[in-house]
Structure formats: C-alpha cells, structure tokens
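Just below is one structure, and these are the notes that go with it.
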C-alpha cells in the first residue's frame, strides 16, 4: 500500500476505505471532499459543486466581508485620489509641461494603491483561511458558523498573507521576465495557500512538486479554476467601466454622481462573488485530490489537519 503523506496520520476514529491491491491507494469513493484517483474530471467537478452547495450560506458572508467589500472600498479610495482627469485637462492646454502637483498626486495615488492592496491582502487572507475551514468541516458533517470561521481565519491570516505576498512577487517577476515564466509560476504555486493551511510548512516547493508529479491533471484543474475566475472578473470589470461612465470622469466631485458611482462599485463587487467562490472551492478540492494521489487521505483527516 502507498504510504500516507509524511508526518500525516488519519483522524482518530476515521478509517480509510476502499483499499486497492498493494501499490494502490486508500480511498472512500463517497468522500465529500477528496476525489479518489481514477474518478476523473467528473468526480472533481461533483465535489466542487457539492462544497459550494453545502457551504454557500457561510461562505457568501465570508467572501462579502473579506473580499468583495474591502475591494469595493479600495476602488472608491482609488477613484477619490485618481488625478488622471485633472492631468488630462491640464495636458490638453499645455502638453509640454507636467501637470501641477504631478509628483505629489502620483505619490498619493501610489500610497493608496500599494498600501490599500497590502491591507486588502491581509483581510482577504482571513477570508481564504476561514472559507477553507468551512469547506473542510462541512465535508465531514460538522458545524461551521460564521463567527468561528472568521476567528480561525484571523489566527491563520498573517502567515497566509506573507506567503501570498511572496507568491505575488514571484509571479509578477516571472511576467516581467517573460510571459511564460509568469504563467508557469502561477500554475506551480497555485496550491501553495492550501498547502500552508493544511500542512503549515514548505508551501512553495510542495505546490511545485505537486505540479511536477501530476502535470496534466493539475494543469487541467487549475486552468478550469483560472478560467472561471478570469471570466467572472473580466465581466465585472467591463460592467463597472461601462456603468460608471454616465457619472463623468470625476464622479466623486458632486453628491449625486458620488452616490451613483459608489453604488455601482458596490453592486459590481457583489457580482464578483462567483469568482471568489470558484477560486476558493476549486483550489481546496484540487489540493485534496492531489493528496489522494500521494496516499490514503479522507476529509476527516484534512479537517483535523486544519486545527
């Protein structure tokens, strides 16, 4: 029989099911979270849908509070300090000179964008950890309330945020070198977040090793998740750009247009929830499937590993 993942033991009182002959894997074909080897894309997709159906009641508030709402607040702040409309007006009258207060306006914009993004990353890390905890606990029939999930997410957020920041820098550097290295880095590190939450160590090399060990399978799963996330995000971005046009280039300058612009951003932020949900559920279920290929594992063990 295949050994379990190093350092991992079954959850007390939870047996492994459906043993294959020597050299095979231990699995439970009815496990709500772990896709057994050989179940294929259909098995993986069924578990993604199942996790979303079981968890949408606590997951949607978590994603609203930690993903959509903070992102909307950051968008409003960026809109408030964006000097591009004023720059365009000044350049139209004198294209040879820099707009007035150019450097101070640029510094303010960068502080808001970079500082806001860093703070947003911490809040989002709370949500990713909380959502992962909800998915794992519900897979074994345990309760997963909103308050308990957010408390768990807060405990794990800083570590997850640190690794996510490092991953972002690596992927960005890869895209700066050439497009393909960035794409490869994004795929290779896609499971680093779940690896950190479940295993607590070495998330970058573990995620990369999972890609190398089952290249085609993981590429396919992550590509599907990425396509869903990009599709929903692009649609929401285009919708926001079009919906905010009637409010002018400086919508926050007057109360009437400001209210319309803020409401538009809030509505579009809510419409991005399917992208966040697809990313969360898809990557957690993909991670569980990769663990099943390494050795016996079930949802109860994974829930216990989260703590």
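Being in contact with a helix residue (DSSP H, G or I) (Cβ under 6 Å, 6 or more places away or on another chain) and surrounded by fewer than 19 Cβ atoms within 10 Å (Cβ to Cβ) holds for only one residue in 302, 273, and it is 273.
Reported count of residues in segment 174-193, each being at pLDDT 95 or above and either outside any helix (DSSP H, G or I) or farther than 16 Å from residue 226 by Cα (or both), is 3. Being in contact (Cβ under 8 Å) with a residue 60 or more places away in the chain, surrounded by fewer than 16 Cβ atoms within 10 Å (Cβ to Cβ) and under 30 Å from residue 245 (Cα atoms) is a property that does not hold for residue 97. Residue 230 falls short on exactly one of the conditions (1) under 27 Å from residue 84 (Cα atoms); (2) under 15 Å from the mean Cα position of the chain (by Cα); (3) not in a helix (DSSP H, G or I), and that condition is (3). Restricting attention to segment 283-307, which residues are farther than 22 Å from residue 155 by Cα and more than 20 Å from the chain's Cα centre (by Cα)? Residues satisfying the conditions are 292, 293, 294, 295, 296, 297, 298. Kindly check whether there is at least one residue in segment 127-147 that is part of a helix (DSSP H, G or I), free of Cβ contacts under 8 Å to residues at least 40 places away in the same chain, under 19 Å from residue 279 (Cα atoms) and touching a helix residue (DSSP H, G or I) at 6+ places or on another chain (Cβ under 7 Å). Within segment 127-147, none of the residues are part of a helix (DSSP H, G or I), free of Cβ contacts under 8 Å to residues at least 40 places away in the same chain, under 19 Å from residue 279 (Cα atoms) and touching a helix residue (DSSP H, G or I) at 6+ places or on another chain (Cβ under 7 Å). Of everything in segment 100-123 that is in contact with a helix residue (DSSP H, G or I) (Cβ under 6 Å, 6 or more places away or on another chain) and within 19 Å of residue 159 (Cα to Cα), the residue that is surrounded by the most Cβ atoms within 10 Å (Cβ to Cβ) is 123.
Only one of the listed residues (157, 129) is crowded, with 17+ Cβ neighbours inside 10 Å, over 12 Å from the mean Cα position of the chain (by Cα) and either closer than 22 Å to residue 72 by Cα or modelled with pLDDT under 95 (or both). That residue is 157.
The values are calculated or read from the model by the stated rules, or taken from the named source; none is laboratory data. These numbers come from a predicted model, not from an experiment. Note that we place each Cβ from the backbone using ideal geometry, even for glycine, and neighbour counts take in every protein chain shown.
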